[in-house]
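Working notes, structure below.
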Amino acid sequence: MRMRGRRLLPIVLSLIVIIILCISYISNHLHRDDDNDEQDEFLVHLPPAPATATAADENRVITPSAPGALLNLSNFEYLLASDVCRRAERELLAVLIVTSYAGHDALRAAHRQAIPQSKLAEMGLQRVFLLAALPPREKFVTQPQLASEQTRFGDLLQGNFVEDYRNLSYKHVMGLRWAANECGSGRSKFIIKLDDDIIYDVFHLRRYLESLEVDAPALATSSTLLAGYVLDAKPPIRNQANKWYVTKQEYPHALYPAYLSGWLYITNGATAARLVAEAERVAIFWIDDTWLTGVVRTRLGIPLKRHNAWYSANAEFLDCCVRDLKQHGYECEYFAGPNGGDAKLLVEFLHNVEKCYFDECSKRPAGKSLKETCLASVKSPAPEHGVAHVEPLKLR
Ligand SMILES: *[C@@H]1O[C@H](CO)[C@@H](O)[C@H](O)[C@H]1NC(C)=O
Ligand SMILES: *[C@@H]1O[C@H](CO)[C@@H](O)[C@H](O)[C@H]1NC(C)=O
């Protein structure tokens with residue numbers, strides 16, 4: 001017995017050494033992966049992996065929580081997915097979900113140039129662009145290009161339904177559902193939904209959200225937060241020649257319920273989750289903001305918080321704002337509005353407006369309002385009738 005024990009001893013010892021070597025190799029390996037996080041910031045390429053992906057990238061592919069279906073699309077899946085919220089080290093103030101036509105790579109580049117993800121992260125923010133599959137008519141951008149855009153920036157979330165303005169409701173629900181699931185409970189306090197052709201003052205939004213947390217904590221954390229540009233009781237367009245023509249079959253009533261413009265609005269994970277769940281129970285209507293923040297919201301009895309004064313329908317006004325910020329350091333009266341087809345305006349606007357948040361701007365003098373000094377061909381902003389439910393909110 002003792003002889004056998006002695007013979008076994010070296011074998012047991014070498015086994016122990018091998019085990020120790022394995023453990024140290026594995027822990028080193030894991031540690032190296034941590035160090036690589038910076039480079040791998042982009043995340044997921046779901047099928048197919050791009051030709052440029054390295055073996056390391058492939059190992060890091062993350063399967064998004066199997067979505068299975070999206071509304072009545074039973075074969076829904078992500079072509080590209082992002083996990084920016086799961087990667088955030090602390091709870092985010094907000095995640096920005098930006099509806100973007102897949103072919104608008106230049107517009108997305110302008111967004112990143114206007115404020116890069118690293119700077120957003122310093123402000124407690126993250127940004128994801130919502131894309132769909134490239135339509136056959138797209139001549140300039142290809143899926144491998146989108147995959148390499150993802151490899152570089154990791155900020156794309158692409159569904160497999162085809163890009164079309166009549167498919168925007170799918171994209172909108174995809175974005176809200178992703179944000180509610182990936183950025184909900186403890187990951188991000190707020191969700192900001194916007195379009196890629198919108199100019200927006202991200203510094204103002206941050207200040208507003210921080211004030212909302214302090215002054216209206218119950219609303220900020222409620223499942224009834226919807227704030228933005230309220231459009232009251234608008235009639236559907238019944239003129240067949242119009243791009244936004246709506247048939248009586250699609251929407252039978254004379255007026256839409258009040259809704260928030262999809263240009264830019266603020267919500268949170270709890271509210272988004274309710275909208276998405278309710279959207280599954282309602283007939284789909286293709287005008288996405290009217291449907292989700294109007295028809296679906298009304299069924300849940302969620303009130304809208306009106307901030308219409310923030311928005312300018314005139315790109316010229318925002319252009320004049322940039323001019324006056326540069327020349328005189330005047331504050332801009334508006335915080336959001338369409339870019340009027342000028343992708344660079346967002347870059348100019350954000351680069352110039354930031355100084356106002358270091359108290360380096362002054363109020364516009366009397367008689368120098370934009371309306372008086374900006375040579376805009378003033379289109380009247382969307383009509384407003386009636387009053388939405390607005391809860392009082394004290395701003396700092
Ligand atoms: C919307 O997406 C579906 C699924 O990809 C597609 O079959 C359909 O043609 C798209 N709708 C339009 C109007 O392009
Ligand atoms: C989904 O619903 C829309 C609106 O009712 C309809 O036009 C479309 O054909 C449906 N799509 C599928 C795949 O069932």
Here region 127-142 yields Karplus 3J(HN,Hα) values (6.51, -1.76, 1.60; θ = phi - 60°; whole Hz; Gly and Pro given as x) of 9, 10, 9, 9, 10, 10, 6, 4, x, x, 6, 5, 9, 9, 10, 10
Taking region 247-287, which trypsin sites (Lys or Arg not before Pro) meet the DSSP loop condition and have no more than 10 other C-beta atoms within 10 Å? K248, R281
Run through region 200-245 and list the trypsin sites (Lys or Arg not before Pro) located in a DSSP loop whose Cβ has at most 16 other Cβ atoms within 10 Å. R238, K243
If you plug each phi of region 251-266 into the Karplus form 6.51 cos²θ - 1.76 cosθ + 1.60 with θ = phi - 60°, what whole-Hz ³J(HN,Hα) values come out, in order, with x for Gly and Pro? 8, x, 7, 6, 10, 7, x, 4, 9, 9, 4, x, 3, 6, 9, 10
Which of the chymotrypsin sites (Phe, Trp or Tyr not before Pro) found in region 132-162 are in a DSSP loop and have at most 12 neighbouring Cβ atoms, other than their own, within 10 Å? F140
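Pairs K305/K355; K193/K363; K326/K363: which are spaced more than 18 Å apart, C-alpha to C-alpha? Please report the intermediate quantities before stating the final value.
Working: K305/K355 28 Å; K193/K363 29 Å; K326/K363 14 Å.
Among K305/K355; K193/K363; K326/K363, the Cα-Cα distance tops 18 Å for K305/K355; K193/K363.
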Compute the separation of the alpha-carbon centres of region 263-315 and region 337-379 and state it in Å as a whole number. 27
Region 55-309 accessible area per residue, 1.4 Å probe, protein heavy atoms, integer Å², reads 39
What ³J(HN,Hα) values, in whole Hz, does the Karplus curve 6.51 cos²θ - 1.76 cosθ + 1.60 give for region 350-366 when θ = phi - 60°, with x put for Gly and Pro? 5, 5, 9, 7, 4, 4, 5, 8, 10, 6, 9, 10, 10, 5, 5, x, 4
Residue-level accessible surface for T247, protein heavy atoms, 1.4 Å, Å²: 40
Setting aside same-chain residues fewer than 8 positions from K234, which lysines have a Cα under 16 Å from its Cα? K248
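The values are calculated or read from the model by the stated rules, or taken from the named source; none is laboratory data. None of the values given here were measured: they were computed from a predicted structure. So basically every Cβ, Gly included, is an ideal-geometry build from the backbone, and we count neighbours across all protein chains shown. Accessible surface is based on the protein model in full, side chains and every heavy atom, while ligands, DNA and RNA are left aside. Shrake-Rupley method; radii C 1.70, N 1.55, O 1.52, S 1.80 Å.
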